[in-house]
Structures are given as structure tokens and as C-alpha cells.
Amino acid sequence: MAFLADTAATDASFGRHSAQRRREPRPIDTDWLVLKGLTAAVEATVPRIARPGGVALDFGCGSRPYATLFQDAGMTYVGADFSGGDVTIDAAGHIGAPDASCDLVLSFQVLEHVRDLTTYFAEARRVLRPGGRLLLSTHGSWLYHPHPEDHRRWTREGLVAEMADHGFVTSDCVPVVGPLAWTTILRLTGAAYALRKIPVVGGAIAGALAVVMNARAVVEDAVTPAWITRENACVYVTLSAPAEPRG
């Protein structure tokens, strides 16, 4: 079994979206609020961490939805994947890139599909230069979605602790969409799936329902106390650095 999910689908944590749809979702998409929030969190982080002239390596790049954010910041973007990447990930999970060859490692909605976390984080540490950082997002809550595997969901505390266990100290852990809204989104996802099976009109009805339910989710997310969202988010966007070696 592969170390990492088949990345024809690692860009499909929320469905099989193109790069543009992932970065610029539409209100008729059932996961619009989550994808919108994820994009906003990544966009807010890029100016703080981008190094003009540096290298950003996307570990499990899929359709590369955020590549232009790093390229526009003056970085060289390198996609790593099992196939179709600028560099290849082998079946054991090793990246075909030299040690200390990049300034950022990017990992967007991949970690929940990874069986061997030890190798994944070890490879991220290996390719980072001194002072480099890891920008990673993954699920706190979502439906089971194997591609071909789906192993984990995290609380904020659990994710930060797991990353620490694998050698990364987390400075930021940004929650995206709280539980009141994401339960609405999950119900919408199920209803839209059923509606789209109706010939001719099913897709249109599902899209109209998505607009209404997404509007409801926006209100629900706005009224959810920040401390609840912080500990119960649909997605977490983390910024970490390798821990200093112990003397």
C-alpha cells in the first residue's frame, strides 16, 4: 500500500476540484466556505514567510492550487508528487530532492491520507534549509474520503502534539470553519450528492440549495464563539519549523 494517498486525489479532500476551483470556489460548491477560508488563511500567511529567490516545495502537490501565490512572491515553486510533479515521490515516500534544498515545504490537505507520518515529516525536515518552515493544512473534521486511504482527523491540540512528536514546533494553528457551520456543510454535501442523481434538473437544484445553505453557514460561522472554532475546526492551517536538535 502506498505511503501517501494517490495524489490524483490529494487535491480532492473536498471533491475533485481543479486548481482554480480549489483556490476560487463558487457559492454553488458544497464546500465553498471551507475552501474560501483555507485560501484566505494561506494568502494571509504567504507574505510573512515567502523569501524572494527562495524555493517552496509542495509535498503532494496535486493540481497545485496555491502555486501562483508563492511564484508571485518571488519564490521558485516545485511540485512533488508520485507522477506529474517537478520532482518525484517514490513508493516509500521519499522526495527526489537533495537535502537542504528548499526554504518552505508546503502540504495542503494531504496529511490525513498519509499512513507513514514518520517518513513524511522526516522528508519534510530533510529537504528544508536552516531557518526553513513547513506550511501545512489538514482536517479537524470531515467525511471519510479515501484516496486511496484516509486515516486521521485531529483536534488542534492533537495536531500540534503529533507534529511535535515528529520534530516540528508549531507557531501558528489557524482554524477554518467552526462546528455549527461545518455540520451544515456536511448536510449540504449529502443532500447535493442525492440531488445530482436526478436527471436533467438535479444539478441545478443542488446548486441552488448550495447557495442557500452556504449563506446559512456563513451566518452560523460568524456567531460561533472563537474559542469553540479554535478547538473544533473543520480545517487547521499550521506554520511550523523543525525543532532545534538537543545537545
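Computed quantities for the displayed model
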item: Hits in region 148-164 (condition: surrounded by fewer than 21 Cβ atoms within 10 Å (Cβ to Cβ), touching a residue at least 60 places away in the same chain (Cβ under 8 Å) and within 20 Å of residue 94 (Cα to Cα)); result: 148, 149, 150
item: Residue in region 51-60 that is surrounded by the fewest Cβ atoms within 10 Å (Cβ to Cβ), counting only those that are among the small types (Gly, Ala, Ser) and either over 18 Å from the mean Cα position of the chain (by Cα) or in a strand (DSSP E or B) (or both); result: 53
item: Meets criteria (assigned to a helix (DSSP H, G or I) and at pLDDT 95 or above) for residue 46; result: yes
item: Boolean, residue 30 is out of contact with any Pro (no Cβ under 9 Å at 6 or more places or on another chain), at pLDDT 50 or above, buried (at least 16 other Cβ atoms within 10 Å of the Cβ) and in a helix (DSSP H, G or I); result: no
item: Residue satisfying condition, being surrounded by 23 or more Cβ atoms within 10 Å (Cβ to Cβ) and touching a Phe, Trp or Tyr at 6+ places or on another chain (Cβ under 7 Å), within set 67, 80; result: 80
item: Top-ranked residue of region 131-185 - restricted to ones that are among the small types (Gly, Ala, Ser) and on the phi > 0 side of the Ramachandran plot, ranked as farthest from the chain's Cα centre (by Cα); result: 131
item: Number of the exception - residue 245 against (1) at pLDDT 95 or above; (2) at negative phi; result: (1)
item: Matching residues, region 217-247, being out of contact with any strand residue (DSSP E or B) (no Cβ under 6 Å at 6 or more places or on another chain), surrounded by fewer than 17 Cβ atoms within 10 Å (Cβ to Cβ) and not aliphatic (A, V, I, L, M); result: 225, 227, 231, 244, 245, 246, 247
item: Check on residue 118, polar (S, T, N, Q), closer than 30 Å to residue 179 by Cα and more than 16 Å from the chain's Cα centre (by Cα); result: yes
item: Hey, residue 141 surrounded by fewer than 19 Cβ atoms within 10 Å (Cβ to Cβ) and among the polar types (S, T, N, Q) or not; result: yes
item: Close pairs (9 angstrom Cβ cut-off, 6 or more residues apart or separate chains): closer than 17 Å to residue 76 by Cα and part of a strand (DSSP E or B) in region 87-104, basic (Lys, Arg) and modelled with pLDDT under 95 anywhere; result: 103/51; 104/51
item: Selected residue (only one of 150, 99 is more than 23 Å from residue 235 (Cα to Cα) and of a type in the set (Asp, Glu)); result: 99
item: Condition broken by residue 208, with the remaining ones in (1) loosely packed, with under 14 Cβ neighbours inside 10 Å; (2) within 21 Å of residue 233 (Cβ to Cβ); (3) not basic (Lys, Arg) satisfied; result: (2)
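The values are calculated or read from the model by the stated rules, or taken from the named source; none is laboratory data. Model, not experiment: these values are computed from the prediction. With ideal geometry, Cβ positions are generated from the backbone for all residues, glycine too; neighbour counts draw on all protein chains shown.
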